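Undergrad: My questions all concern the structure below.
Derivation of every value follows stated rules applied to the coordinates shown; laboratory data play no part. Predicted model only: the values in this text are computed from it and were never measured. Using ideal geometry, Cβ is built from the backbone for each residue, glycine included, and neighbour counts are taken over all protein chains shown.
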Amino acid sequence: MDQQTASVPVARHPDTLSAEQALALFTRPRRTPQTDDELAFLGQADHRHTVTHDGRRLAAWRWGSEGPRVLLVHGWESRASHWSTLIGELRQRGLQVVAFDAPAHGQSDGDSTNVVDIGRAALAVAAQLGPVDAVAGHSVGSAATLHALAQGLRVRASVHIAGPVSLRRVLEGFARMGRMDDGERQRFLRLVESRIGAPLDSMDLPALRSGLRHPGLILHDLKDPEVPYDASVALRQAWPQATLLTVDGPGHRRIIRDSGVIGAISEFLVRTVSTGRASA
């Protein structure tokens, strides 16, 4: 199965970007056709759901009908089917799994989205298909999960895979790749802030740590070329109940199907959510 995933939005323009061009690239993910294997895997789900979020229909799937429920939040230009390896392992461990295609991804509606929008989508999925006992996010999906937790999503455990912890830092890097001068860079930051409907600082770690009141597992390749490893170090330092597992080899994209990573996530979730339910 083709499980290539993107990390954070990246500049795809050879010349200097204007603020408007940068905003379009930053908020409009590319969709690639789903493979026959992916469609077959989704067809094996116990139920396909349609979740309503901000006037859009989101495609979601549930595997299993008993046991603690884990919500999965994929990365940028990825989709629910890219979680197939982890979903299979969690099901073997007796956990239910819910995964969804984020806005403007996979089979969900929309042509633009952003990290805050994806976090709100995760809240909508949890509200309509919950209760949720645990949540796991990869890359932008991890940052979106941090937003959802800070906005009230209650779980017994969460997993964060190679995710950024500062939207401002991501935007600054995007502006550098787009060769934007200081004026355009500042305009770009303001445009993004207007688009997400919240201050940029609301997506930085000091504001996000309020939702970290449960055990956590953080996983990151030390040599990740797309999201710096030090983002996960910072997250661990801000989160006393979390453990940081350093991974060597799979990089940023293949990490979600690395056998060691899958095993560590599964063991952590079984240990932390094997009994009881998430608090309301």
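Undergrad: Taking neighbour Cβ counts within 10 Å as the exposure measure, how do His47, His138, His220 sort from fewest upward?
TA: If I rank by nearby Cβ atoms, fewest first, I get His47, His220, His138.
Undergrad: Tell me, what is the FRET efficiency for Gln44 and Glu172 to the nearest 0.05, using R0 = 35 angstrom and their Cβ-Cβ distance as r?
TA: 0.25
Undergrad: Need the full-extension length gain, Arg28 to Asp201, defined as separation in residues times 0.36 nm minus the C-alpha distance. One decimal, nm.
TA: Value of the extension gain: 60.1 nm.
Undergrad: Kirkwood hydrodynamic radius, computed over distinct alpha-carbon pairs, for region 122-280: how many Å, to one decimal?
TA: About 16.4 Å for region 122-280.
Undergrad: Treat the count of other C-beta atoms within 10 Å as a stand-in for reagent exposure and order Leu129, Leu235 from fewest to most.
TA: Lowest count first: Leu129, Leu235.
Undergrad: How much length is gained if the chain between Asp181 and Asp248 is pulled fully straight, taking 0.36 nm per residue apart and subtracting their Cα-Cα distance, in nm to one decimal?
TA: Computed gain between Asp181 and Asp248 is 20.5 nm.
Undergrad: Another one. Could you check the simple spin-label distance between Asp230 and Ser259, using points 7 Å along Cα→Cβ, in nm with one decimal?
TA: About 3.5 nm, to one decimal.
Undergrad: Quick query: amide H of Ala136 versus all other amide H atoms, modeled in the peptide plane; which residues come in under 5 Å with a sequence gap of 5 or more or a different chain?
TA: For Ala136, the qualifying residues are Leu71, Leu72, Val73, Val159.
Undergrad: Between Rg and the Kirkwood Rh of the chain, both from Cα atoms, what is the Rg to Rh ratio?
TA: Taking Rg over the Kirkwood Rh, I get 0.94.
Undergrad: Distance from the Cα centre of region 104-142 to that of region 158-179, in angstrom?
TA: Measuring centre to centre over Cα atoms gives 18 Å.
Undergrad: With r as the distance between the Cβ atoms of Ser65 and Arg154 and R0 = 25 Å, compute the FRET efficiency 1/(1 + (r/R0)^6) and round to 0.05.
TA: 0.70
Undergrad: Okay, next question. Report the relative contact order of the chain, percent, no decimals, based on alpha-carbon pairs under 8 angstrom and at least 6 residues apart.
TA: Relative contact order, the chain: 21 percent.
Undergrad: Additional query: In deg cm²/dmol, rounded to 500, what helix-only [θ] at 222 nm does the chain give when every DSSP H run of at least 4 residues adds -39500 (n - 2.57) and the total is split over its residues?
TA: Estimated from H runs of four or more residues: -11500 deg cm²/dmol.
Undergrad: Mean Kyte-Doolittle hydropathy of 0.0 or higher plus an axial Cα length of 24 Å or more: which whole DSSP H helices in the chain meet both?
TA: none
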